[in-house]
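J.: Here it is: the structure, laid out below.
The values are calculated or read from the model by the stated rules, or taken from the named source; none is laboratory data. These figures come from a predicted structure and were not determined experimentally. All Cβ positions, glycine included, derive from the backbone under ideal geometry; neighbour counts span all protein chains shown.
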Amino acid sequence: MRLLKLKSRLLLVFLALTLVVSWDSSLGVCAEDPGPMVQIRETVDSILLLMRDPALASPEKSGERRTRIIKAVDIRFDFREMSMRTLGKVWDEKSEEQRGVFQKLFADLLKNNYIGRIEGYSNEEISYHKVIMDKTGSRAMVFTSVIKNTREISINYKLILKGHDWRVYDVEIEGVSLVKNYRSEFSRIISKEDYAGLIKRMEEKVRLE
């Protein structure tokens, strides 16, 4: 039985970071404040610098490079918010300790499975198109695209403002929500094997990676 068969979509997410199905109808176009896009681009630039750094290019330095790339991703992605939205009502039913366990496993799965795959980065072209903000100024969507093998792929980031930082809580790839995909997959597993079964599967997956 499959678990987390979203590799191709997540690979595109992290490719986009090395170079979020419906959105609230109250959103409006942001003309003045480029904050979310600037912060996404800062993350992209920092990871690109790491990948292009000759001092980190040797096999002996792969562990250090990976650690530093993961740190850059951690800064921009809000894994707690992603975990909460992915589990939905199940999140509300769990203790803070249980939530912490799930959040760490979920983040580890994303990073262990896909961060390594950006090693195959081959200078795909990234375009930044626009930012849309909600009326409160606390949520945004950054529209980007990646040119891969002559094909343009839309990758749009949903972000939430936490203090002065814009943190990614969902990604839409060609209109398909990453969080919704995981929520559907996890719900299917929970319905068949209960929550403990999901955690067991996630632990096994992390261990194998």
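J.: Applying the selection to the stretch 167-192, what residues are over 14 Å from V142 (Cβ atoms) and among the aromatic types (F, W, Y)?
T.: Applying the first criterion (over 14 Å from V142 (Cβ atoms)) to the stretch 167-192 yields 174-192.
Residues satisfying the conditions are Y182, F186.
J.: Tell me, which residue of the stretch 50-64 that is aliphatic (A, V, I, L, M) and part of a helix (DSSP H, G or I) is surrounded by the fewest Cβ atoms within 10 Å (Cβ to Cβ)?
T.: Selected residue: A55.
J.: Checking G63 against (1) among the small types (G, A, S); (2) touching a Phe, Trp or Tyr at 6+ places or on another chain (Cβ under 8 Å); (3) closer than 20 Å to A107 by Cα, only one condition comes out false. Which one?
T.: Going through (1) among the small types (G, A, S); (2) touching a Phe, Trp or Tyr at 6+ places or on another chain (Cβ under 8 Å); (3) closer than 20 Å to A107 by Cα one by one, G63 breaks only (2).
J.: Give the residues of the stretch 150-166 that are farther than 12 Å from R139 by Cα and hydrophobic (A, V, I, L, M, F, W, C), sorted by residue number.
T.: Across the stretch 150-166, the qualifying residues are I153, I155.
J.: Would you check if L50 is modelled with pLDDT of 85 or more and touching a Lys or Arg at 6+ places or on another chain (Cβ under 6 Å)?
T.: Yes: the conditions hold for L50.
J.: In the stretch 63-97, what count of residues is obtained for those that are of a type outside the set (A, V, I, L, M) and either under 18 Å from Y169 (Cα atoms) or touching a Gly at 6+ places or on another chain (Cβ under 9 Å) (or both)?
T.: 16
J.: Of the residues V20, V73, V38, which single one is closer than 28 Å to G163 by Cα, of a type in the set (V, I, T) and modelled with pLDDT under 60?
T.: The match here is V20.
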